[in-house]
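Chemist: Just dropping this structure here.
Each reported figure results from applying straightforward, stated rules to the coordinates on display, with no laboratory input. As the structure is a computational prediction, the values presented were derived from the model and not from experiment. Neighbour counts are summed over all protein chains in view; Cβ atoms, including those assigned to glycine, are modelled from backbone coordinates with ideal geometry.
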């Protein structure tokens, strides 16, 4: 009994077992971690790969959507977006050369970004690529006017109190952009971070983008970047064959001999050749159902109107005059359908080949051998002439569809794909 009382109990007999269990637990966790970690990494890599591919296809979709809209002459701005499965691709469209545009689309899925880039160029046919395009006679603009779009001249651009939201280029050695003698920014070029100036000489001009020039005068907001040299002259949008094709399309059937006047009762006409003058006045409306070839002058005045039928949809139409074209007195022209335009072409070499004073509408005017004069608050989409003059608060709102118009009669233009890649 006494021996039992003196016997000691070993309270640490389970310590070794506990230590063994702890070591076993850590070893097991290490083994499990070693087995699970690669799986987790593979899972993360797979998720990243899937999201990256989704981002890539999203960027491709954005570029494809922009290309389709340009090719089909559907309305589209310089920046657009497309959303698929809750993710968005941001697409930018910029002028990157003569008759060339660059489409850049950024796809973003959970911060995995991929970018697609397409370069497209205008194909055979006709198309206006600028708000204003002038030949070697140059472009002169005064009077608080705005050009929504870009300007390209094979001569000087002489501008005062003018805003050009796109880019401005004056081609040829010795070409000048700006207004000599002005002591302020007489010409402001660019908007929303985009808009370059390119000429041999630049004066009294501010540019949001680059200022490419060889020499510069006073009142410019940037130092010349000489890397691009002298801008090249570019051809006019219509060829002689284009105009011949329109005349051929109009000359079907019997022509109207002498002058043709449309008054208050209105008329429907086309395709048709008129051997004299065409006059639309007294609130009369001419509904154009085909190409017109007017050997004489075309005058739209007194609230007269030229329109296209609603079934023309996105198609455009042309009036070709061998004489002078005058639109004044509130005359209005165009289809009223976005993406559809009325082209007014004069083959005259006169200093008054086309005059638009007030009025107008969804039209593009072209006098490649003469002068286009816009004044009195005229509003239109594009103007092309050997010489172009603008005064009196005129507004030109260029639209992308003018680069690839579709015609029921005569030649059409389109955009073709030059390159497509991921960047």
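Chemist: Which of rounded, prolate, oblate describes the range 236-412, given a ≥ b ≥ c as roots of the alpha-carbon gyration tensor eigenvalues and a/c under 1.5 marking rounded, otherwise prolate only if a/b is larger than b/c?
Modeler: rounded
Chemist: Going by average Cβ density within 10 Å per residue, which order do the peptides 269-281, 361-373 take, highest to lowest?
Modeler: By packing density, highest mean first, the sequence is 361-373, 269-281.
Chemist: What is the chain's relative contact order, in percent, from Cα pairs under 8 angstrom and six or more apart in sequence?
Modeler: Once normalised by length, the contact order is 15 percent.
Chemist: Another one. Any idea how far apart residue 53 and residue 144 come out in nm if each label point goes 7 Å out from Cα toward Cβ?
Modeler: For the pair residue 53/residue 144, the computed spacing is 5.9 nm.
Chemist: Starting from the Cα of residue 136, step 7 Å toward the Cβ, then list every residue of the range 380-400 with an amide N under 13 Å from that point.
Modeler: Zone members listed by number: 386-387.
Chemist: Helix 15-71 sits at what angle to the longest principal axis of the chain, using alpha carbons and giving 0 to 90 degrees rounded to 10?
Modeler: With both axes taken from Cα atoms, the answer is about 10 degrees.
Chemist: What nm distance separates the two modelled labels at residue 45 and residue 395, each placed 7 Å from Cα along Cα→Cβ?
Modeler: 5.9 nm
Chemist: What's the ranking of 298-304, 23-29, 53-59 by average number of surrounding C-beta atoms within 10 Å, highest first?
Modeler: Order by mean packing, descending: 298-304, 53-59, 23-29.
Chemist: I've got another one for you. I want the antiparallel fraction of DSSP beta bridges within the range 156-232, as a percent rounded to 5.
Modeler: DSSP beta bridges in the range 156-232 are roughly 5 percent antiparallel.
Chemist: Give the label of the value calculated from the structure for Cα extents along the principal axes in Å, choosing from (i) 71, 42, 39; (ii) 147, 54, 33; (iii) 77, 62, 41.
Modeler: Checking each listed value against the structure points to (ii).
Chemist: Calculate the spin-label point distance for residue 322 paired with residue 265, positioning each point 7 Å from the Cα along the beta-carbon direction, and give it in nanometres.
Modeler: My value for the distance between the label points is 2.9 nm.
Chemist: Further, regarding this structure: Rounded to the nearest 0.05, what FRET efficiency is calculated for residue 423 and residue 173 with R0 set to 35 Å and r the Cβ-Cβ distance?
Modeler: Rounded to the nearest 0.05, the efficiency is 0.50.
Chemist: For the range 156-232, what is the relative contact order in percent, using Cα pairs closer than 8 Å and at least 6 residues apart in sequence?
Modeler: 28 percent
Chemist: For a test of the definition: using alpha carbon positions, the gyration tensor, and the 1.5 limit on a/c, classify the range 354-404 as rounded, prolate or oblate.
Modeler: Note, shape of the range 354-404 comes out oblate.
Chemist: Computed FRET efficiency, Cβ-Cβ of residue 416 and residue 350, R0 30 Å: what is it to the nearest 0.05? The partial results should precede the final answer.
Modeler: Details: r = 36 Å, r/R0 = 1.19.
My answer for the efficiency is 0.25.
Chemist: Helix 240-250 sits at what angle to the longest principal axis of the chain, using alpha carbons and giving 0 to 90 degrees rounded to 10?
Modeler: 70 degrees
Chemist: Take every DSSP beta bridge with both residues inside the chain and express the antiparallel ones as a percent of the total, to the nearest 5.
Modeler: Expressed as a percentage, antiparallel bridges in the chain total about 25.
Chemist: A follow-up question, please. Need one word for the range 178-260: rounded, prolate or oblate. Basis is the Cα gyration tensor (sqrt eigenvalues a ≥ b ≥ c); a/c below 1.5 gives rounded, then a/b vs b/c decides.
Modeler: Prolate, since a/c reaches 1.5 and a/b exceeds b/c.
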